[in-house]
Amino acid sequence: MKNKENNGLGLPIVSLCIIQLSLWIIASVSTIIAILFRESLDRNLAYMGYKSKPVLESVIYLIMYLLIILSIKFILSKNLLGVLSYFIVSIAAFIYSIIADGFKIDTILPVVFPILMIVFIFNKKGRK
């Protein structure tokens, strides 16, 4: 029998990347739509009694979303730069969301995916 060495990413990492890609793409598209239809959105938010966010904040979030999408694509191509940039951008997005919106319970939720990614990557490295 031939001893085949498994150099793949592993099912948990690939699954997590696919789930994240779909969520971040949806977030990016919705942010682009919110930027394009800003006046209508502002009127509707004012009618409901909410304050709208500045356009610059939406653009910053969009840039972070696109960087995370690019990092996940690099992770799927087994590039170390993707892993490093993914964690750096995730931490930066977490810190920016705390600065921009204050600390809320839903601020913690985006941190779950990077923590799971760390667990899966170290688990994969431990099995080699």
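Checking residue 56 against (1) at pLDDT 90 or above; (2) surrounded by 11 or more Cβ atoms within 10 Å (Cβ to Cβ), which single condition isn't satisfied?
(2)
Which residue out of 80, 66 is in contact with a Phe, Trp or Tyr (Cβ under 9 Å, 6 or more places away or on another chain) and exposed (fewer than 12 other Cβ atoms within 10 Å of the Cβ)?
On the way: 66 fails: exposed (fewer than 12 other Cβ atoms within 10 Å of the Cβ).
Testing whether each residue is in contact with a Phe, Trp or Tyr (Cβ under 9 Å, 6 or more places away or on another chain) and exposed (fewer than 12 other Cβ atoms within 10 Å of the Cβ) leaves just 80.
Confirm whether residue 96 is hydroxyl-bearing (Ser, Thr, Tyr), surrounded by 13 or more Cβ atoms within 10 Å (Cβ to Cβ), in contact with a helix residue (DSSP H, G or I) (Cβ under 9 Å, 6 or more places away or on another chain) and over 16 Å from residue 23 (Cα atoms).
Values: hydroxyl-bearing (Ser, Thr, Tyr): yes; surrounded by 13 or more Cβ atoms within 10 Å (Cβ to Cβ): yes; in contact with a helix residue (DSSP H, G or I) (Cβ under 9 Å, 6 or more places away or on another chain): yes; over 16 Å from residue 23 (Cα atoms): yes.
Considered against the rule, which asks whether it is hydroxyl-bearing (Ser, Thr, Tyr), surrounded by 13 or more Cβ atoms within 10 Å (Cβ to Cβ), in contact with a helix residue (DSSP H, G or I) (Cβ under 9 Å, 6 or more places away or on another chain) and over 16 Å from residue 23 (Cα atoms), residue 96 comes out as yes.
Which condition from (1) within 19 Å of residue 118 (Cβ to Cβ); (2) surrounded by 12 or more Cβ atoms within 10 Å (Cβ to Cβ) is the one that residue 61 breaks?
Result: residue 61 passes all but (1).
When only residues in the range 48-88 that are in a helix (DSSP H, G or I) and aromatic (Phe, Trp, Tyr) count, which is farthest from residue 121 (Cα to Cα)?
The residue in question is 61.
The values are calculated or read from the model by the stated rules, or taken from the named source; none is laboratory data. Not measured: the values here are computed from a predicted model. A quick note on method: Cβ atoms are made from the backbone with ideal geometry, for glycine too, and the neighbour counts reach across all protein chains shown.
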